[in-house]
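The block underneath contains the structure these notes are about, expressed in C-alpha coordinates.
The values are calculated or read from the model by the stated rules, or taken from the named source; none is laboratory data. What you are looking at is a predicted structure, and each value in this text was computed from that prediction instead of being measured. Glycine gets a Cβ as well: all are built from the backbone with ideal geometry, and neighbour counts include every protein chain shown.
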Amino acid sequence: MSTSQQTTRRSFIKGAAAAGAASIFCHSTDRAHGYQSPNDRPVFATIGLRNQGWAITSKSFKFADFAALADVDSNVLGANVEKTEKTQKKKPDSYKDYRKVLDRKDIDAVMIATPDHWHTKIAVEAMLAGKDVYCEKPLTLTIAEGKLIERIVKQTGRVFQVGTMQRSESGKRFLQAIALVRAGRIGTVKKVTCGIGGFGSSPKLPVVPVPAELDWDLWLGPAPKVPYRALPEMRKGYGGGVPLYSNCHYAFRNWHEYSGGKLTDWGAHHVDIACWAIGASDTGPSKVTPLNYKLPVEYKDGHPLIDDQYNIATEYNIQVDMPNDIDLLITNEGDNGILFEGTKGRFFVNRGKIVGNPVEDLATNPLPDGAIEDVYGGKVSANHTANFIEGMNSRKQPISDVWSHNRSLEICHLSNIAMRLDRAVKWDPIKREIIGDDQANSFLSRQNRKGYEINM
(Lines give C-alpha, C1' and ligand atoms only; values in the text may rest on other atoms or scores of the structure.)
Protein backbone atom coordinates (compact mmCIF):
# COMPACT_ATOMS: atom_id res chain seq x y z
CA MET A 1 0.00 0.00 0.00
CA SER A 2 1.37 3.39 -0.94
CA THR A 3 1.91 6.24 1.48
CA SER A 4 -0.86 8.20 -0.23
CA GLN A 5 -3.27 5.30 0.27
CA GLN A 6 -2.36 5.09 3.95
CA THR A 7 -2.88 8.85 4.33
CA THR A 8 -6.24 8.68 2.59
CA ARG A 9 -7.40 5.86 4.84
CA ARG A 10 -6.28 7.58 8.02
CA SER A 11 -7.92 10.82 6.96
CA PHE A 12 -11.17 8.99 6.27
CA ILE A 13 -11.17 7.37 9.69
CA LYS A 14 -10.39 10.62 11.46
CA GLY A 15 -12.94 12.52 9.41
CA ALA A 16 -15.65 9.96 10.09
CA ALA A 17 -14.97 10.12 13.80
CA ALA A 18 -14.94 13.91 13.84
CA ALA A 19 -18.18 14.10 11.84
CA GLY A 20 -19.88 11.60 14.10
CA ALA A 21 -18.68 13.37 17.23
CA ALA A 22 -19.93 16.70 15.88
CA SER A 23 -23.41 15.27 15.41
CA ILE A 24 -23.39 13.96 18.96
CA PHE A 25 -22.27 17.29 20.40
CA CYS A 26 -25.19 19.00 18.66
CA HIS A 27 -27.70 16.74 20.37
CA SER A 28 -26.36 16.47 23.89
CA THR A 29 -24.70 18.53 26.55
CA ASP A 30 -23.89 15.54 28.75
CA ARG A 31 -20.22 15.28 29.66
CA ALA A 32 -20.04 11.71 28.42
CA HIS A 33 -21.38 12.71 25.02
CA GLY A 34 -18.43 14.79 23.96
CA TYR A 35 -15.33 14.96 26.06
CA GLN A 36 -13.20 17.59 24.38
CA SER A 37 -11.35 19.49 27.06
CA PRO A 38 -7.62 18.83 27.42
CA ASN A 39 -7.70 20.95 30.57
CA ASP A 40 -9.99 18.55 32.46
CA ARG A 41 -9.13 15.06 33.56
CA PRO A 42 -11.45 12.60 31.88
CA VAL A 43 -13.58 10.29 33.98
CA PHE A 44 -13.05 6.59 33.28
CA ALA A 45 -14.51 3.25 34.30
CA THR A 46 -13.02 -0.22 33.85
CA ILE A 47 -15.13 -3.28 33.06
CA GLY A 48 -13.32 -6.58 33.72
CA LEU A 49 -10.55 -6.32 36.29
CA ARG A 50 -8.38 -9.44 36.47
CA ASN A 51 -4.80 -9.18 35.24
CA GLN A 52 -4.91 -6.95 32.15
CA GLY A 53 -7.88 -5.03 33.49
CA TRP A 54 -5.82 -3.82 36.42
CA ALA A 55 -2.76 -3.37 34.19
CA ILE A 56 -4.48 -0.86 31.90
CA THR A 57 -6.22 0.81 34.83
CA SER A 58 -3.00 1.31 36.77
CA LYS A 59 -1.27 2.82 33.72
CA SER A 60 -4.13 5.29 33.36
CA PHE A 61 -4.20 6.96 36.78
CA LYS A 62 -1.74 9.55 35.53
CA PHE A 63 -4.22 10.68 32.91
CA ALA A 64 -7.73 9.97 34.20
CA ASP A 65 -9.93 9.59 37.28
CA PHE A 66 -11.76 6.32 37.79
CA ALA A 67 -15.32 6.76 39.01
CA ALA A 68 -16.47 3.16 38.67
CA LEU A 69 -15.28 -0.44 38.32
CA ALA A 70 -17.27 -3.51 37.26
CA ASP A 71 -16.63 -7.24 37.47
CA VAL A 72 -18.72 -10.39 37.87
CA ASP A 73 -16.30 -11.77 40.50
CA SER A 74 -16.84 -10.04 43.85
CA ASN A 75 -13.35 -10.88 45.12
CA VAL A 76 -11.69 -9.42 42.02
CA LEU A 77 -13.93 -6.38 42.19
CA GLY A 78 -13.31 -5.73 45.85
CA ALA A 79 -9.53 -6.07 45.57
CA ASN A 80 -9.37 -3.63 42.66
CA VAL A 81 -11.64 -1.12 44.36
CA GLU A 82 -9.22 -1.10 47.29
CA LYS A 83 -6.17 -0.68 45.05
CA THR A 84 -7.85 2.10 43.09
CA GLU A 85 -8.89 3.97 46.24
CA LYS A 86 -5.36 3.70 47.61
CA THR A 87 -3.85 5.01 44.38
CA GLN A 88 -6.18 7.89 43.52
CA LYS A 89 -7.30 8.68 47.10
CA LYS A 90 -10.93 8.35 46.13
CA LYS A 91 -13.05 5.21 46.21
CA PRO A 92 -14.70 4.29 42.91
CA ASP A 93 -18.21 2.93 42.79
CA SER A 94 -18.42 -0.80 42.15
CA TYR A 95 -20.87 -2.85 40.11
CA LYS A 96 -21.39 -6.46 39.12
CA ASP A 97 -23.52 -5.44 36.13
CA TYR A 98 -21.59 -3.34 33.58
CA ARG A 99 -24.82 -1.76 32.34
CA LYS A 100 -24.93 0.39 35.46
CA VAL A 101 -21.61 1.88 34.35
CA LEU A 102 -23.00 2.70 30.93
CA ASP A 103 -26.04 4.39 32.50
CA ARG A 104 -23.85 7.00 34.18
CA LYS A 105 -23.62 10.33 32.38
CA ASP A 106 -20.49 11.44 34.22
CA ILE A 107 -18.27 8.75 32.70
CA ASP A 108 -16.42 9.80 29.54
CA ALA A 109 -14.85 6.50 28.58
CA VAL A 110 -14.77 2.84 29.51
CA MET A 111 -11.84 0.45 29.48
CA ILE A 112 -12.91 -3.11 28.64
CA ALA A 113 -10.79 -6.05 29.77
CA THR A 114 -13.35 -8.81 30.04
CA PRO A 115 -12.87 -12.22 28.42
CA ASP A 116 -12.97 -11.92 24.63
CA HIS A 117 -16.52 -13.19 24.14
CA TRP A 118 -17.88 -10.13 25.97
CA HIS A 119 -15.91 -7.45 24.10
CA THR A 120 -18.27 -6.71 21.24
CA LYS A 121 -21.48 -6.50 23.25
CA ILE A 122 -20.03 -4.15 25.85
CA ALA A 123 -18.12 -2.04 23.31
CA VAL A 124 -21.14 -1.50 21.07
CA GLU A 125 -23.45 -0.66 23.95
CA ALA A 126 -20.86 1.67 25.45
CA MET A 127 -20.53 3.64 22.22
CA LEU A 128 -24.30 3.88 21.88
CA ALA A 129 -24.37 5.20 25.46
CA GLY A 130 -22.04 8.01 24.45
CA LYS A 131 -18.77 6.61 25.82
CA ASP A 132 -15.39 6.52 24.16
CA VAL A 133 -13.90 3.04 24.39
CA TYR A 134 -10.54 1.43 25.13
CA CYS A 135 -10.95 -2.30 24.54
CA GLU A 136 -8.35 -4.98 25.11
CA LYS A 137 -7.23 -7.15 22.25
CA PRO A 138 -8.31 -9.33 20.63
CA LEU A 139 -11.19 -7.02 19.88
CA THR A 140 -13.62 -9.70 18.71
CA LEU A 141 -14.47 -13.39 18.76
CA THR A 142 -15.58 -13.37 15.11
CA ILE A 143 -14.98 -11.38 11.93
CA ALA A 144 -18.63 -10.29 11.79
CA GLU A 145 -18.26 -8.71 15.24
CA GLY A 146 -15.38 -6.62 13.91
CA LYS A 147 -17.52 -5.30 11.06
CA LEU A 148 -20.27 -4.39 13.54
CA ILE A 149 -17.88 -2.42 15.74
CA GLU A 150 -16.56 -0.56 12.70
CA ARG A 151 -20.12 0.41 11.76
CA ILE A 152 -20.94 1.65 15.25
CA VAL A 153 -17.72 3.69 15.46
CA LYS A 154 -18.71 5.42 12.22
CA GLN A 155 -22.31 5.84 13.35
CA THR A 156 -21.52 7.33 16.76
CA GLY A 157 -18.22 9.08 16.14
CA ARG A 158 -16.80 7.66 19.35
CA VAL A 159 -13.04 7.44 19.82
CA PHE A 160 -11.99 3.81 20.02
CA GLN A 161 -8.59 2.49 21.05
CA VAL A 162 -7.70 -1.21 20.73
CA GLY A 163 -5.28 -2.45 23.39
CA THR A 164 -2.48 -3.42 20.98
CA MET A 165 -0.04 -1.45 23.07
CA GLN A 166 3.01 -2.60 21.09
CA ARG A 167 2.10 0.27 18.75
CA SER A 168 2.91 2.82 21.47
CA GLU A 169 5.14 1.07 24.02
CA SER A 170 7.91 -1.57 24.29
CA GLY A 171 10.67 1.03 23.99
CA LYS A 172 9.59 1.94 20.43
CA ARG A 173 11.25 -1.27 19.20
CA PHE A 174 8.32 -2.20 16.99
CA LEU A 175 8.14 1.30 15.57
CA GLN A 176 11.86 1.08 14.81
CA ALA A 177 11.29 -2.27 13.11
CA ILE A 178 8.63 -0.78 10.85
CA ALA A 179 10.88 2.20 10.09
CA LEU A 180 13.69 -0.19 9.08
CA VAL A 181 11.38 -2.03 6.69
CA ARG A 182 10.03 1.20 5.21
CA ALA A 183 13.55 2.56 4.74
CA GLY A 184 14.46 -0.49 2.67
CA ARG A 185 17.11 -1.71 5.09
CA ILE A 186 16.26 -5.36 4.29
CA GLY A 187 15.44 -4.73 0.66
CA THR A 188 12.20 -6.19 -0.66
CA VAL A 189 10.34 -8.04 2.08
CA LYS A 190 9.88 -11.71 1.20
CA LYS A 191 8.85 -13.38 4.45
CA VAL A 192 7.65 -12.43 7.92
CA THR A 193 7.51 -15.01 10.71
CA CYS A 194 5.40 -14.36 13.80
CA GLY A 195 6.39 -16.58 16.71
CA ILE A 196 3.52 -16.51 19.19
CA GLY A 197 4.04 -19.61 21.32
CA GLY A 198 1.30 -22.09 22.12
CA PHE A 199 -1.00 -23.24 24.90
CA GLY A 200 -0.93 -26.75 26.29
CA SER A 201 -3.77 -29.24 26.51
CA SER A 202 -5.67 -30.08 29.68
CA PRO A 203 -6.79 -33.14 31.62
CA LYS A 204 -10.49 -33.88 31.73
CA LEU A 205 -12.19 -31.19 33.76
CA PRO A 206 -15.03 -32.26 36.07
CA VAL A 207 -18.14 -30.23 36.81
CA VAL A 208 -17.67 -28.62 40.22
CA PRO A 209 -19.59 -26.07 42.30
CA VAL A 210 -19.27 -22.47 41.14
CA PRO A 211 -17.12 -20.36 43.49
CA ALA A 212 -19.33 -18.30 45.78
CA GLU A 213 -17.78 -15.02 44.62
CA LEU A 214 -18.48 -15.67 40.91
CA ASP A 215 -21.69 -15.00 38.97
CA TRP A 216 -21.20 -17.82 36.48
CA ASP A 217 -24.20 -17.06 34.28
CA LEU A 218 -23.09 -13.45 33.91
CA TRP A 219 -19.52 -14.52 33.22
CA LEU A 220 -20.77 -16.75 30.39
CA GLY A 221 -22.98 -13.98 29.05
CA PRO A 222 -23.23 -14.27 25.25
CA ALA A 223 -21.55 -17.71 25.24
CA PRO A 224 -23.50 -21.00 25.43
CA LYS A 225 -24.81 -22.09 28.81
CA VAL A 226 -22.48 -24.78 30.19
CA PRO A 227 -21.52 -25.99 33.67
CA TYR A 228 -18.51 -24.61 35.50
CA ARG A 229 -15.50 -26.95 35.27
CA ALA A 230 -12.21 -26.90 37.16
CA LEU A 231 -9.53 -28.94 38.87
CA PRO A 232 -8.25 -28.11 42.37
CA GLU A 233 -4.67 -27.19 41.40
CA MET A 234 -4.21 -23.41 41.51
CA ARG A 235 -2.40 -21.23 39.02
CA LYS A 236 0.71 -19.42 40.27
CA GLY A 237 2.51 -16.33 38.98
CA TYR A 238 0.84 -14.07 36.43
CA GLY A 239 -2.89 -14.66 36.54
CA GLY A 240 -2.52 -16.66 39.73
CA GLY A 241 -5.01 -17.34 42.47
CA VAL A 242 -7.48 -19.24 40.25
CA PRO A 243 -7.67 -22.89 39.12
CA LEU A 244 -4.86 -23.80 36.76
CA TYR A 245 -7.30 -25.81 34.66
CA SER A 246 -10.83 -24.49 34.20
CA ASN A 247 -13.27 -23.03 31.67
CA CYS A 248 -13.20 -19.64 33.38
CA HIS A 249 -10.64 -17.14 34.73
CA TYR A 250 -7.44 -16.92 32.69
CA ALA A 251 -7.93 -20.37 31.16
CA PHE A 252 -10.79 -19.04 29.01
CA ARG A 253 -8.19 -18.46 26.26
CA ASN A 254 -8.02 -22.23 25.77
CA TRP A 255 -11.65 -22.49 24.60
CA HIS A 256 -13.09 -21.51 21.21
CA GLU A 257 -16.31 -20.55 22.99
CA TYR A 258 -14.57 -17.60 24.65
CA SER A 259 -11.37 -16.89 22.72
CA GLY A 260 -9.07 -17.86 19.88
CA GLY A 261 -6.07 -19.19 21.79
CA LYS A 262 -2.60 -17.89 21.10
CA LEU A 263 -3.67 -16.99 17.56
CA THR A 264 -5.78 -14.12 18.85
CA ASP A 265 -3.89 -13.61 22.14
CA TRP A 266 -0.34 -13.01 20.87
CA GLY A 267 -1.24 -13.07 17.19
CA ALA A 268 -3.28 -9.92 17.72
CA HIS A 269 -0.01 -8.22 18.67
CA HIS A 270 2.57 -9.62 16.28
CA VAL A 271 0.43 -10.04 13.17
CA ASP A 272 -0.68 -6.44 13.69
CA ILE A 273 2.92 -5.19 13.60
CA ALA A 274 3.71 -7.41 10.60
CA CYS A 275 0.75 -6.06 8.61
CA TRP A 276 1.62 -2.48 9.56
CA ALA A 277 5.23 -2.95 8.43
CA ILE A 278 4.37 -4.44 5.03
CA GLY A 279 1.60 -1.94 4.28
CA ALA A 280 -1.27 -4.40 4.67
CA SER A 281 -3.33 -2.54 7.27
CA ASP A 282 -6.10 -1.93 4.74
CA THR A 283 -6.22 -5.33 3.14
CA GLY A 284 -5.79 -8.99 3.91
CA PRO A 285 -4.52 -12.33 2.70
CA SER A 286 -5.56 -14.24 -0.38
CA LYS A 287 -5.14 -17.64 1.25
CA VAL A 288 -4.55 -19.13 4.70
CA THR A 289 -3.08 -22.63 4.82
CA PRO A 290 -2.52 -24.74 7.96
CA LEU A 291 0.75 -26.48 7.07
CA ASN A 292 0.62 -28.57 10.22
CA TYR A 293 -1.16 -28.28 13.52
CA LYS A 294 -2.41 -30.18 16.55
CA LEU A 295 -5.83 -29.97 18.13
CA PRO A 296 -6.12 -31.47 21.63
CA VAL A 297 -9.57 -33.02 21.06
CA GLU A 298 -11.46 -34.60 18.17
CA TYR A 299 -13.38 -32.27 15.87
CA LYS A 300 -16.27 -32.84 13.44
CA ASP A 301 -17.43 -30.21 10.94
CA GLY A 302 -15.29 -27.65 12.73
CA HIS A 303 -16.73 -28.27 16.19
CA PRO A 304 -15.10 -30.08 19.13
CA LEU A 305 -16.78 -33.34 20.12
CA ILE A 306 -15.54 -33.20 23.72
CA ASP A 307 -16.69 -30.54 26.18
CA ASP A 308 -14.53 -31.28 29.23
CA GLN A 309 -11.06 -30.47 27.81
CA TYR A 310 -9.37 -27.47 26.25
CA ASN A 311 -10.12 -27.32 22.52
CA ILE A 312 -7.75 -24.64 21.17
CA ALA A 313 -4.88 -25.69 18.85
CA THR A 314 -1.69 -26.35 20.80
CA GLU A 315 0.77 -26.50 17.88
CA TYR A 316 0.66 -24.90 14.44
CA ASN A 317 2.52 -23.62 11.43
CA ILE A 318 0.23 -21.49 9.31
CA GLN A 319 1.15 -20.01 5.95
CA VAL A 320 -0.60 -16.78 4.99
CA ASP A 321 -0.34 -15.50 1.40
CA MET A 322 -0.11 -11.71 1.67
CA PRO A 323 -0.07 -9.02 -1.05
CA ASN A 324 3.14 -8.42 -3.02
CA ASP A 325 4.07 -12.12 -2.77
CA ILE A 326 4.99 -11.83 0.89
CA ASP A 327 4.72 -15.02 2.93
CA LEU A 328 3.51 -14.59 6.49
CA LEU A 329 4.16 -17.57 8.77
CA ILE A 330 2.45 -17.87 12.15
CA THR A 331 4.00 -20.50 14.40
CA ASN A 332 4.16 -21.76 17.94
CA GLU A 333 7.82 -22.66 17.41
CA GLY A 334 10.90 -20.58 18.22
CA ASP A 335 11.18 -17.27 20.05
CA ASN A 336 8.18 -15.10 20.71
CA GLY A 337 8.57 -12.18 18.32
CA ILE A 338 8.73 -11.20 14.66
CA LEU A 339 11.41 -12.10 12.10
CA PHE A 340 11.50 -9.90 9.00
CA GLU A 341 13.39 -11.30 5.98
CA GLY A 342 14.11 -9.49 2.76
CA THR A 343 16.38 -9.56 -0.28
CA LYS A 344 19.10 -7.62 1.58
CA GLY A 345 18.96 -8.94 5.12
CA ARG A 346 16.82 -9.83 8.09
CA PHE A 347 16.22 -8.83 11.71
CA PHE A 348 14.21 -9.97 14.73
CA VAL A 349 12.15 -7.89 17.13
CA ASN A 350 10.14 -8.54 20.29
CA ARG A 351 9.31 -6.57 23.41
CA GLY A 352 12.78 -7.00 24.85
CA LYS A 353 15.12 -6.66 21.87
CA ILE A 354 15.65 -5.83 18.24
CA VAL A 355 18.65 -7.61 16.69
CA GLY A 356 20.23 -8.35 13.32
CA ASN A 357 22.68 -6.82 10.87
CA PRO A 358 20.30 -4.03 9.76
CA VAL A 359 20.02 -3.00 13.43
CA GLU A 360 23.78 -3.12 13.96
CA ASP A 361 24.27 -1.02 10.82
CA LEU A 362 22.34 1.81 12.45
CA ALA A 363 25.53 2.72 14.36
CA THR A 364 27.07 4.02 11.15
CA ASN A 365 23.96 4.53 9.04
CA PRO A 366 21.14 5.75 11.30
CA LEU A 367 17.57 6.14 10.21
CA PRO A 368 16.64 9.63 9.02
CA ASP A 369 15.49 12.09 11.66
CA GLY A 370 11.80 11.66 12.34
CA ALA A 371 11.58 8.16 10.82
CA ILE A 372 9.89 6.68 13.88
CA GLU A 373 7.55 9.67 14.19
CA ASP A 374 6.62 9.21 10.53
CA VAL A 375 5.59 5.63 11.31
CA TYR A 376 3.53 6.73 14.31
CA GLY A 377 1.99 9.72 12.57
CA GLY A 378 3.53 12.27 14.94
CA LYS A 379 5.17 12.37 18.36
CA VAL A 380 5.00 8.99 20.05
CA SER A 381 2.65 9.08 23.03
CA ALA A 382 3.87 8.46 26.57
CA ASN A 383 1.91 5.22 26.63
CA HIS A 384 -1.15 3.66 25.05
CA THR A 385 -3.61 5.36 27.39
CA ALA A 386 -2.02 8.73 26.72
CA ASN A 387 -2.60 8.17 23.00
CA PHE A 388 -6.22 7.31 23.72
CA ILE A 389 -6.76 10.50 25.68
CA GLU A 390 -5.05 12.53 22.98
CA GLY A 391 -7.61 11.06 20.60
CA MET A 392 -10.43 11.95 22.99
CA ASN A 393 -9.21 15.54 23.13
CA SER A 394 -8.83 15.89 19.35
CA ARG A 395 -11.83 13.67 18.50
CA LYS A 396 -9.56 11.67 16.19
CA GLN A 397 -8.99 7.93 16.20
CA PRO A 398 -5.89 6.74 18.14
CA ILE A 399 -2.95 4.80 16.75
CA SER A 400 -4.66 1.43 17.32
CA ASP A 401 -7.86 1.99 15.38
CA VAL A 402 -10.52 -0.67 14.86
CA TRP A 403 -10.04 -0.82 11.09
CA SER A 404 -6.37 -1.78 11.04
CA HIS A 405 -6.82 -4.06 14.04
CA ASN A 406 -9.65 -5.97 12.42
CA ARG A 407 -7.64 -6.50 9.24
CA SER A 408 -4.81 -8.18 11.13
CA LEU A 409 -7.18 -10.01 13.47
CA GLU A 410 -9.02 -11.44 10.45
CA ILE A 411 -5.83 -13.35 9.65
CA CYS A 412 -5.87 -14.87 13.14
CA HIS A 413 -9.56 -15.77 12.96
CA LEU A 414 -9.10 -17.33 9.51
CA SER A 415 -6.16 -19.38 10.83
CA ASN A 416 -8.37 -20.87 13.53
CA ILE A 417 -11.15 -21.59 11.03
CA ALA A 418 -8.69 -23.32 8.68
CA MET A 419 -7.41 -25.55 11.47
CA ARG A 420 -10.91 -26.36 12.73
CA LEU A 421 -11.97 -27.44 9.24
CA ASP A 422 -8.62 -29.03 8.32
CA ARG A 423 -8.21 -27.18 5.04
CA ALA A 424 -6.90 -24.02 3.46
CA VAL A 425 -9.32 -21.13 3.04
CA LYS A 426 -9.27 -18.53 0.29
CA TRP A 427 -10.11 -14.99 1.34
CA ASP A 428 -11.56 -12.04 -0.54
CA PRO A 429 -10.07 -9.00 1.25
CA ILE A 430 -12.47 -6.61 -0.50
CA LYS A 431 -15.72 -8.44 0.29
CA ARG A 432 -14.16 -9.76 3.52
CA GLU A 433 -15.55 -13.25 3.06
CA ILE A 434 -14.21 -16.74 2.39
CA ILE A 435 -14.35 -17.73 -1.27
CA GLY A 436 -16.35 -20.79 -2.35
CA ASP A 437 -16.75 -22.38 1.08
CA ASP A 438 -20.14 -21.92 2.72
CA GLN A 439 -19.22 -24.05 5.70
CA ALA A 440 -16.13 -21.96 6.43
CA ASN A 441 -18.13 -18.75 6.03
CA SER A 442 -20.55 -19.96 8.70
CA PHE A 443 -17.70 -19.51 11.21
CA LEU A 444 -17.41 -15.79 10.45
CA SER A 445 -20.23 -15.03 12.89
CA ARG A 446 -21.95 -16.45 15.97
CA GLN A 447 -25.29 -16.10 17.68
CA ASN A 448 -25.35 -14.65 21.19
CA ARG A 449 -27.13 -16.66 23.88
CA LYS A 450 -30.77 -15.64 24.41
CA GLY A 451 -30.95 -12.84 26.90
CA TYR A 452 -27.47 -11.61 26.04
CA GLU A 453 -28.10 -10.12 22.62
CA ILE A 454 -26.45 -6.79 21.83
CA ASN A 455 -28.81 -3.95 22.80
CA MET A 456 -28.94 -1.59 19.83
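With the requirement that a residue be in a loop (DSSP other than H, G, I, E, B), acidic (Asp, Glu) and farther than 22 Å from residue 448 by Cβ, what does region 240-288 give you? Break it down stepwise before answering.
Of the residues in region 240-288, the ones in a loop (DSSP other than H, G, I, E, B) are 240-242, 244-245, 247-250, 255-260, 266, 278-286.
From what is left, the residues that are acidic (Asp, Glu) are 257, 282.
Scanning region 240-288 gives a single hit, 282.
I'd like the full set of residues that are of a type in the set (Ser, Thr, Tyr), closer than 30 Å to residue 124 by Cα and in contact with a Ser or Thr (Cβ under 6 Å, 6 or more places away or on another chain), limited to region 155-204.
Initially, region 155-204 is screened for residues of a type in the set (Ser, Thr, Tyr), giving 156, 164, 168, 170, 188, 193, 201-202.
Pick out the ones that are also closer than 30 Å to residue 124 by Cα and you get 156, 164, 168, 170.
Result: 164, 168.
Each row is one residue, and each column tells you yes or no for (1) assigned to a helix (DSSP H, G or I); (2) touching a residue at least 12 places away in the same chain (Cβ under 8 Å).
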site	(1), (2)
358	yes, yes
365	no, no
368	no, yes
372	yes, yes
378	no, no
381	no, yes
385	yes, yes
392	yes, yes
404	yes, yes
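When 184, 240 are screened for being surrounded by fewer than 17 Cβ atoms within 10 Å (Cβ to Cβ) and either assigned by TED's automatic domain parsing to the domain that holds residue 315 or touching an Asp or Glu at 6+ places or on another chain (Cβ under 8 Å) (or both), only 184 passes.
If we scan region 411-427, do we find a residue that is of a type in the set (S, T, N, Q), part of a helix (DSSP H, G or I), in the same structural domain as residue 316 (by TED's automatic domain parsing) and surrounded by 16 or more Cβ atoms within 10 Å (Cβ to Cβ)? Yes, there is a match, as at least one residue in region 411-427 is of a type in the set (S, T, N, Q), part of a helix (DSSP H, G or I), in the same structural domain as residue 316 (by TED's automatic domain parsing) and surrounded by 16 or more Cβ atoms within 10 Å (Cβ to Cβ).
Pick from region 318-359 the residues that are among the small types (Gly, Ala, Ser) and buried (at least 16 other Cβ atoms within 10 Å of the Cβ): which of them is farthest from the chain's Cα centre (by Cα)?
So, considering only residues that are among the small types (Gly, Ala, Ser) and buried (at least 16 other Cβ atoms within 10 Å of the Cβ), the one farthest from the chain's Cα centre (by Cα) is 345.
Results for (1) assigned to a loop (DSSP other than H, G, I, E, B); (2) touching a residue at least 12 places away in the same chain (Cβ under 8 Å); (3) within 19 Å of the chain's Cα centre (by Cα), shown as yes or no for each residue.
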residue: 161; (1), (2), (3): no, yes, yes
residue: 185; (1), (2), (3): yes, yes, no
residue: 193; (1), (2), (3): no, yes, no
residue: 202; (1), (2), (3): yes, yes, no
residue: 217; (1), (2), (3): no, no, no
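The residues of region 91-112 that are part of a loop (DSSP other than H, G, I, E, B) and buried (at least 24 other Cβ atoms within 10 Å of the Cβ), listed by number, are 98, 107, 108. Of the set (1) touching an Asp or Glu at 6+ places or on another chain (Cβ under 8 Å); (2) under 26 Å from residue 265 (Cα atoms), all apply to residue 417 but (1). Within the set 150, 136, the sole residue that is within 29 Å of residue 256 (Cα to Cα), in contact with a Phe, Trp or Tyr (Cβ under 9 Å, 6 or more places away or on another chain) and of a type in the set (Asp, Glu) turns out to be 150.
Examine region 289-311 for a residue that is assigned to a strand (DSSP E or B), more than 20 Å from residue 274 (Cβ to Cβ) and without any contact (Cβ under 8 Å) to a residue 24 or more places away in the chain, and state whether such a residue exists. Checked region 289-311: at least one residue is assigned to a strand (DSSP E or B), more than 20 Å from residue 274 (Cβ to Cβ) and without any contact (Cβ under 8 Å) to a residue 24 or more places away in the chain.
Cβ separations smaller than 6 Å between residues 6+ apart or across chains give the following pairs from region 168-180 residues that are charged (D, E, K, R) to residues that are assigned to a loop (DSSP other than H, G, I, E, B) and surrounded by fewer than 19 Cβ atoms within 10 Å (Cβ to Cβ): 169/383.
Please determine, by comparing only the residues of region 137-167 that are among the charged types (D, E, K, R) and surrounded by fewer than 24 Cβ atoms within 10 Å (Cβ to Cβ), which one is nearest to residue 393 (Cα to Cα). Quick ask: steps written out before the conclusion?
Just the residues of region 137-167 that are among the charged types (D, E, K, R), to begin with: 137, 145, 147, 150-151, 154, 158, 167.
Still in the list and also surrounded by fewer than 24 Cβ atoms within 10 Å (Cβ to Cβ): 147, 150-151, 154.
On the way: 147: 25, 150: 21, 151: 22, 154: 18 Å.
That would be 154.
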